[in-house]
Amino acid sequence: MSIEYIEPPSFPVIWNSEEERNFTWVWDDVHTPIPNTPLTSSFSSEWSRPRPGETPTPPPSTTPALPRRRIINGYAYSPRVPKPEPPVDPPSVESTIDRLSEARNKWDTDLLPKLQGNLEKLRSIDLARTEASQLPDTLELFVETHREHWQIHMQAVGPIFQSTGVLSSLYDQLTSSDNPLAPYELLQGFHNKSLETDQALRVLANEASHTPPVHQIMSYHTHVDSMITELRNSSQCSEYIASVDRFLDSYGFRSSSLDLSIPTWQEDPSFVFLTIKSLLNSGDSTNQDLAAKREASVEALRDSLDTNDSNYDLFFRILKICQDIWPIREDHAFYIEQATGAQMRRIALRCGETLVQQGLMSDSRDIFYLELDEIRKALTLPPASETSESYTALIADRKEKRNHFLTVTPPQYLGHPPTDELLQEKMETTKFIPHYVESVEDPSHPNVLRGIGASAGTYRGIARVILTTEDFAKVEPGDILICKSTTPPWTPLFATIGGLVTDAGGILSHGAIVAREYGLPAVMATKRATTSITDGAILVVDGTTGIVQIEE
């Protein structure tokens, strides 16, 4: 029987081999809800490929040899095969827990210090004074640091998914619970870098509310650019602006997108000022009792579970491990995706400035439409060996293609159609990036969306559809945030919104985790919220059942 491969004409793909085509390729709609620029895609691919002259370690004979993750039309796709047969002699739960018990110490004493030291080294490099002749070597230093940090990423994140997988399995066995969120609610209320950033913004909002000139300017301005200009020009606001600048020194390397083409908060602080303004008019929405509720739930489990069950002690051992390493879920992104990403943007723009000086492009920001190897080549070209025409045409073509694919919804799968086994797989990683959600489409009820209930509760409010960073200014206190997915720099929005609905993600994705921290009802993985919900519509979000009702 012939196979009907998934290869829609509207989403062309060139396979490197017939073997590659025979995998099921799954769209990562959490990390690439919109197409990456070519340079971002290039950096993403660089860290996972062997260094020049380096031979990759072959996979074990029992593991299928998967191709590398690919960027197709700007979107990330990962190859999947049916779950392999379990090993004949799998590790025991006890040995797995023993191994995971070192994860927090590994982060504190090895991985985190490496990240902090490397970032300090990169920040200390004065790129403005770096000569063009030195730039190729400097670029490679940044690229190699980026590679190391993403390898650290894998070491940091792996134990989190492994430990929560053991936790949820033991929880189900001990309690027979049908609530998929229950074990993860035992991990709430711990400090992390995203919540730390949010708290720093709350401090700035409190300072603004107690500084009459600042409060007055923020209150009457409706346009953020003019508000920032007046605040910076006012002598009465100088101390407050100094506080904001200190915040930007500490947290301003964040960007509202994972794509390197988007400016950081230091470059464009509009989001910071808009968030402060929103916090002026909203109460403290953080759940101050979250840690206490968590501990009460843990104690209730200790009292209610059967202490004679062989899994009892194992459960509380893995719970302690999970609670210790859970903050790394947000913290690693703070240092890797955000701080390291900001350094990659910095070196990219410096390369762009050099290519402008060489007459190869007219705008340094066009560097994001070149690939890394193309930049390497351009930086080492003899003077006047190439003209700007070839680069201009290439950049224009890539901008046009990206603009086109910004309007296209990628297919969830490419290549070989997914098997029933793949569609029904239940792994810890699919709680982060679920690729299949049953009953999302319901033609008989067009005003009802179904997704994954990721943070319990019900909320009725106004939908605010956010597709780009420019849309952030539309968010008002109490709105229901409708978006493709969220990243950690979006966390300050959670302080003012009333609920969350996303196209992508699952109960372990960023938006779900933070929504639970803030007690916000959230529904993830609707696959079509941003295209089915009109901005300004009235919604009822049920984060327990995963149902979103669009009211007429």
For the range 355-365, which positions are outside any loop (DSSP other than H, G, I, E, B) and crowded, with 21+ Cβ neighbours inside 10 Å?
L355
Taking the range 366-391 and keeping residues outside any loop (DSSP other than H, G, I, E, B) and of a type in the set (A, V, I, L, M) leaves I367, L372, I375, A378, L379
Could you check D289 against (1) over 22 Å from A208 (Cβ atoms); (2) of a type outside the set (A, V, I, L, M, F, W, C); (3) modelled with pLDDT of 90 or more and say which number it fails?
(3)
May I ask you to list the residues in the range 320-333 that are closer than 21 Å to S250 by Cβ and crowded, with 21+ Cβ neighbours inside 10 Å?
I328, R329, E330, D331, H332, A333
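Yes/no matrix, rows are residues, columns are (1) touching a Pro at 6+ places or on another chain (Cβ under 9 Å); (2) surrounded by 21 or more Cβ atoms within 10 Å (Cβ to Cβ); (3) free of Cβ contacts under 8 Å to residues at least 12 places away in the same chain; (4) among the basic types (K, R):
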position: R460; (1), (2), (3), (4): no, no, no, yes
position: D471; (1), (2), (3), (4): no, no, yes, no
position: P492; (1), (2), (3), (4): no, yes, no, no
position: G499; (1), (2), (3), (4): yes, yes, no, no
position: G511; (1), (2), (3), (4): no, yes, no, no
position: A515; (1), (2), (3), (4): yes, yes, no, no
With I228, I217, I241 as the choices, which residue is of a type in the set (A, V, I, L, M) and touching a Lys or Arg at 6+ places or on another chain (Cβ under 6 Å)?
I241
Tell me, please, whether a residue that is farther than 22 Å from V408 by Cα and modelled with pLDDT of 90 or more can be found in the range 28-42.
no
Residue under question is T55, and the condition is that it be of a type in the set (V, I, T), at pLDDT below 85 and over 19 Å from H149 (Cβ atoms); does it hold?
yes
Any idea which residue in the range 249-279 is nearest to R402 (Cα to Cα), counting only those that are at pLDDT 95 or above, polar (S, T, N, Q) and not in a loop (DSSP other than H, G, I, E, B)?
T264
Looking at (1) surrounded by fewer than 16 Cβ atoms within 10 Å (Cβ to Cβ); (2) within 30 Å of T37 (Cα to Cα), find the lone condition where G74 falls short.
(1)
When T491 is evaluated against the numbered criteria (1) closer than 27 Å to H191 by Cβ; (2) modelled with pLDDT of 95 or more, which criterion, by number, is the only one it fails?
(2)
List the pairs whose first member sits in the range 327-353 and is at negative phi, whose second member is surrounded by fewer than 24 Cβ atoms within 10 Å (Cβ to Cβ) and of a type in the set (S, T, Y), and whose Cβ atoms are under 6 Å apart, counting only residues at least 6 apart or on separate chains?
A342/T264; L349/S364; G352/S364; E353/S364
Of all strands (runs of 3 or more DSSP E) fully inside the range 451-552, the set with 2 or more residues that are within 21 Å of the chain's Cα centre (by Cα) is 452-455, 458-465, 480-483, 499-502, 522-524
The condition of being within 18 Å of F253 (Cα to Cα), surrounded by 12 or more Cβ atoms within 10 Å (Cβ to Cβ) and over 22 Å from the mean Cα position of the chain (by Cα) holds, among L115, L122, only for L122
Boolean, L394 is in a loop (DSSP other than H, G, I, E, B) and at pLDDT below 95
no
Name the residue, out of P136, P212, that is outside the structural domain of E295 (by TED's automatic domain parsing), surrounded by fewer than 18 Cβ atoms within 10 Å (Cβ to Cβ) and modelled with pLDDT of 95 or more.
P212
Inspect the range 170-184 for any residue being in contact with a Pro (Cβ under 7 Å, 6 or more places away or on another chain) and either buried (at least 16 other Cβ atoms within 10 Å of the Cβ) or aromatic (F, W, Y) (or both) and give the result as yes or no.
yes
Which of the following residues is touching a Leu at 6+ places or on another chain (Cβ under 7 Å), under 25 Å from L508 (Cα atoms), of a type in the set (S, T, N, Q) and in the same structural domain as H332 (by TED's automatic domain parsing): S163, S177?
S163
What are the pairs, 6+ residues apart or on separate chains, where a residue within the range 10-23 that is under 17 Å from Q412 (Cα atoms) and not assigned by TED's automatic domain parsing to the domain that holds R68 has its Cβ under 8 Å from a residue that is assigned to a loop (DSSP other than H, G, I, E, B) and among the β-branched types (V, I, T)?
S10/V408; F11/V408
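The values are calculated or read from the model by the stated rules, or taken from the named source; none is laboratory data. Note that this is a predicted model, so its numbers are computed, not measured. So basically every Cβ, Gly included, is an ideal-geometry build from the backbone, and we count neighbours across all protein chains shown.
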